[in-house]
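Asker: Dumping the structure here so I can ask a few things about it.
The values are calculated or read from the model by the stated rules, or taken from the named source; none is laboratory data. Note that this is a predicted model, so its numbers are computed, not measured. Here Cβ is always computed from backbone atoms with ideal geometry, including for glycine, and neighbour counts include all displayed protein chains. These accessible areas exclude ligands, DNA and RNA; they are computed on the full protein's heavy atoms, side chains included. Shrake-Rupley method; radii C 1.70, N 1.55, O 1.52, S 1.80 Å.
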Amino acid sequence: MSASLKVALIGARGMLADAVQRLAPGNWDIHGYDLPGFDLTDRTSVLDLAGENPDLIINCAALTDVDGCESRVEQAEAVNGRGPGYLAELARDCGATLVHVSTDFVFNGEKDGPYLETDTPDPLSVYGLSKLHGEQAILAGGLERCFIIRTSWLYGAGGGNFVETMVRLARERESLGIVADQIGTPTWTDDLVRAMLRLLEQGDYGIYHYSNDGACSWYDFACAAIELARHDEKLAVRQIRPITTADYPLPACRPRYSVLSKQKIGKISGVEIPDWRESLKRYFKQRQGGDKTHGY
Ligand SMILES: NC(=O)c1ccc[n+]([C@@H]2O[C@H](COP(=O)([O-])OP(=O)(O)OC[C@H]3O[C@@H](n4cnc5c(N)ncnc54)[C@H](OP(=O)(O)O)[C@@H]3O)[C@@H](O)[C@H]2O)c1
């Protein structure tokens, strides 16, 4: 067994952090930090973690309520924009590696093909802009041992997410209208964590894109989730209608297309990138108690 690795997991009560804790290698000694005991926006508290001497810092903390961020600009900037910069300072102070998670919403959605790591960000929302500022705060510090992983449409155990919302609505309503003119790729948290672990093993620092494979609309994603849920329970929903973004106005503007290219991570880490439909099936199996850990 290799030597123990001390890991500071920031945002430890969130959805992605749940998968990190379930899938972590046996030699990881994980210390979790989250609100209310730990506040990423408090630079002094963040830098105080140097006393714990972490070898690895994983930042899963964020203000992820995309629409809520529109009216909480200062809080979004503090958590998503400045907090990651404090973690980069901490990582430098204690010689730790930093893994930070960012989003497809840093792009404007006007591209014709999958977004590369080298494409220019141009966020449409307060959330997207604050997440971009977080990336920039890390990069400005010149931290060498750092991974920034952009992901999209995240769902998994241990948190509220689109799949669970769709299943709940399908229990409650006979008819649902779901946006069909925004295209992206769902990502199962367990797959993202496996990709993260591969990058850490490989040690080639930098910015990476990771989502599941393929592309779909929110409508396609909802239909697939509801079909799988129907195998396990009786649902009220009879009709799922494709609607447009304009039919369902929300405070935050979202990219109409935000598929991420996985060319770089595939080439460098060789990690498996399962199709989104396959991973959704595995999530449902896990959700039903079929497999609490790996899904495959
Ligand atoms: N969810 C998605 O669809 C999606 C898509 C692309 C990228 N991402 C990125 O993936 C990462 C993980 O997302 P997730 O969905 O797992 O997030 P999540 O479930 O919302 O978890 C985030 C955690 O951070 C905590 N947090 C918020 N403000 C904090 C602060 N000031 N100090 C310490 N902790 C704080 C939250 O606590 P409270 O719950 O108490 O606020 C929560 O426990 C984030 O960086 C997110 O931007 C998510």
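Asker: Return yes or no: is Gly134 within 16 Å of the ligand (Cβ to nearest atom), in contact with a helix residue (DSSP H, G or I) (Cβ under 9 Å, 6 or more places away or on another chain) and open to solvent by 30 Å² or more (accessible area, probe 1.4 Å)?
Answerer: no
Each row is one residue, and each column tells you yes or no for (1) open to solvent by 50 Å² or more (accessible area, probe 1.4 Å); (2) of a type in the set (Asp, Glu); (3) at positive phi.
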{"residue": "Leu5", "(1), (2), (3)": "yes, no, no"}
{"residue": "Gly11", "(1), (2), (3)": "no, no, yes"}
{"residue": "Met15", "(1), (2), (3)": "no, no, no"}
{"residue": "Ala19", "(1), (2), (3)": "no, no, no"}
{"residue": "Leu23", "(1), (2), (3)": "no, no, no"}
{"residue": "Trp28", "(1), (2), (3)": "no, no, no"}
{"residue": "Asp42", "(1), (2), (3)": "yes, yes, no"}
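Asker: I've got another one for you. Find all pairs meeting these conditions: Cβ atoms under 8 angstrom apart; at least six residues apart or on different chains; first residue within region 262-285 and in a loop (DSSP other than H, G, I, E, B); second residue acidic (Asp, Glu) and open to solvent by 40 Å² or more (accessible area, probe 1.4 Å).
Answerer: Within 8 Å, the pairs are Lys262/Asp213; Ile273/Asp213; Pro274/Asp213.
Asker: Please specify each residue of region 154-173 satisfying the condition of being within 13 Å of the ligand (Cβ to nearest atom) and open to solvent by 20 Å² or more (accessible area, probe 1.4 Å).
Answerer: Result: Leu154, Ala157, Gly158, Gly159, Gly160, Phe162, Glu164, Thr165.
Asker: Only one residue in Pro255, Pro242, Pro249 is touching a residue at least 12 places away in the same chain (Cβ under 8 Å), open to solvent by 50 Å² or more (accessible area, probe 1.4 Å) and either part of a loop (DSSP other than H, G, I, E, B) or over 28 Å from Leu9 (Cβ atoms) (or both), so which one is that?
Answerer: Of the residues listed, the single one that is touching a residue at least 12 places away in the same chain (Cβ under 8 Å), open to solvent by 50 Å² or more (accessible area, probe 1.4 Å) and either part of a loop (DSSP other than H, G, I, E, B) or over 28 Å from Leu9 (Cβ atoms) (or both) is Pro242.
Asker: Quick one: count up the residues across region 258-284 that are in contact with a Pro (Cβ under 7 Å, 6 or more places away or on another chain) and surrounded by fewer than 19 Cβ atoms within 10 Å (Cβ to Cβ).
Answerer: The qualifying residues number 1.
Asker: Looking at the structure I just gave you, is Ala96 within 21 Å of the chain's Cα centre (by Cα) and of a type in the set (A, V, I, L, M, F, W, C)?
Answerer: Criteria not met by Ala96.
Asker: Hey, can you tell me all the residues within region 101-118 that are within 16 Å of the ligand (Cβ to nearest atom) and either touching a Cys at 6+ places or on another chain (Cβ under 8 Å) or assigned to a loop (DSSP other than H, G, I, E, B) (or both)?
Answerer: Val101, Phe107, Asn108, Gly109, Pro114, Glu117
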